[in-house]
Structures are given as structure tokens and as C-alpha cells.
Amino acid sequence: MLKIKKLISADFIDCYKLLKIYNRDLVYFRSMGWSLQQFEKQFSKNIFYGLGIYENKNLQGFIIGDLIKIKNVIDYELLIIYISIKKRELGYATKLHNDIQLTLQKHQLNKIYLEVAANNTAAINFYLKNGYEKLGVRKKYYFINNNKIDAYTFEKLINE
């Protein structure tokens, strides 16, 4: 049975361990600066907000980001959506995304924004399918496997 729950600071270890199961993903995220220490730092921030998706109490994926509050309006900077390789293409990412959007909409969520590596076509297709609009390009923003990769910026307006 699937269950989605809010992540707490101690959950950073489980999220990082999930990445470690598939070494290619671990190498990819580490090349983008997501070390164990960065996970710990992210999860300890006051503006951190994340959800985990669990199957039989085992973490299968997560969404993490920052809540940016200006006056009474909240924006969400989505940093990572990650699903275990064995659970991909089962709708888990969509469930996490929809749940975070519904949860935050109750708190006057204005928009969700993010950046994604230009060569991450699976993520780009996911964002486009879920109503995001591509805003721009950050040239040579990421340094992945000794290559400079552009980043695309996306946003999804919630309360228009």
C-alpha cells in the first residue's frame, strides 16, 4: 500500500540511501552537488519542504524543495523529484507532485518553479506533461561528468 508523508530532517539519510541503490543516479546527483552533507543541510533548512512516497513502510521516492514566502504568498522551488529505479513509470512522481501541489495550495501557493539539466529529457517531459512552462535557459549552468550543460527554467502558476 502506498503512503505519502511529509519528510522531516532525519529523513535525509533514507533519501540519500535510496539514491545509492542505483550507482548511476548517485554519481549523477553527486556531480550536481548533492552529497550526503548537502542532503543534511537541505533537510535542516527552515524553508525545507518535502514529501516521501512509501510502499510497505519502505521509501520509494521523494520530492524536496524550499518554501519561499513573500508577504502572504508562497512559491515552491522544486529541487529534486526522485523515484527508485524499480518503481519508475508507475505514476509515483505524479502522485508526489500532485500531493505537494494540493497540500501547498491550501497555504496560498502561487507557483512552483525549478531548473533542470537540458539533457534530462525524462524530467523535461514530466514537467511539460504536468503543466509547466519553459521560461528560459541558463547557459552552461551545470557541470556534469566534465561537461557544461545548459539548464532550463520552468514554472507552473497555481493561483492565477
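Here Gly91 does not qualify as closer than 30 Å to Asn146 by Cβ, small (Gly, Ala, Ser) and open to solvent by less than 50 Å² (accessible area, probe 1.4 Å).
Scanning the range 86-108 for residues that are part of a helix (DSSP H, G or I) and not aliphatic (A, V, I, L, M) turns up Lys86, Lys87, Tyr92, Thr94, Lys95, His97, Asn98, Asp99, Gln101, Thr103, Gln105. Tally the residues that are under 26 Å from Tyr49 (Cβ atoms) and part of a strand (DSSP E or B), restricting the search to the range 109-143. The qualifying residues number 16. Exactly one residue out of Ile124, Ile81 is within 17 Å of Lys156 (Cβ to Cβ), surrounded by 15 or more Cβ atoms within 10 Å (Cβ to Cβ), of a type in the set (Val, Ile, Thr) and touching a helix residue (DSSP H, G or I) at 6+ places or on another chain (Cβ under 7 Å), and it is Ile81.
Looking across the range 129-150, the residues that are open to solvent by less than 90 Å² (accessible area, probe 1.4 Å) and either under 15 Å from the mean Cα position of the chain (by Cα) or over 25 Å from Val73 (Cβ atoms) (or both) come down to Asn130, Tyr132, Val137, Tyr142, Ile144, Asn147, Ile149, Asp150. When the range 7-36 is limited to residues that are touching a residue at least 60 places away in the same chain (Cβ under 8 Å) and not in a helix (DSSP H, G or I), the one that is surrounded by the most Cβ atoms within 10 Å (Cβ to Cβ) turns out to be Met32. Among the residues of the range 49-64, some residue qualifies, meaning at least one is touching a Phe, Trp or Tyr at 6+ places or on another chain (Cβ under 8 Å) and more than 20 Å from Phe126 (Cα to Cα). Among the residues of the range 106-160, those that are in contact with a Lys or Arg (Cβ under 8 Å, 6 or more places away or on another chain) and at positive phi comprise Gly131, Lys140.
Taking (1) part of a helix (DSSP H, G or I); (2) out of contact with any Phe, Trp or Tyr (no Cβ under 6 Å at 6 or more places or on another chain); (3) surrounded by 13 or more Cβ atoms within 10 Å (Cβ to Cβ) in turn, Phe39 satisfies each apart from (2).
The values are calculated or read from the model by the stated rules, or taken from the named source; none is laboratory data. Note that the structure is a prediction, hence the values are computed from the model and not measured. A quick note on method: Cβ atoms are made from the backbone with ideal geometry, for glycine too, and the neighbour counts reach across all protein chains shown. All accessible areas refer to the heavy atoms of the entire protein, side chains included, with ligands and DNA or RNA removed. Shrake-Rupley method; radii C 1.70, N 1.55, O 1.52, S 1.80 Å.
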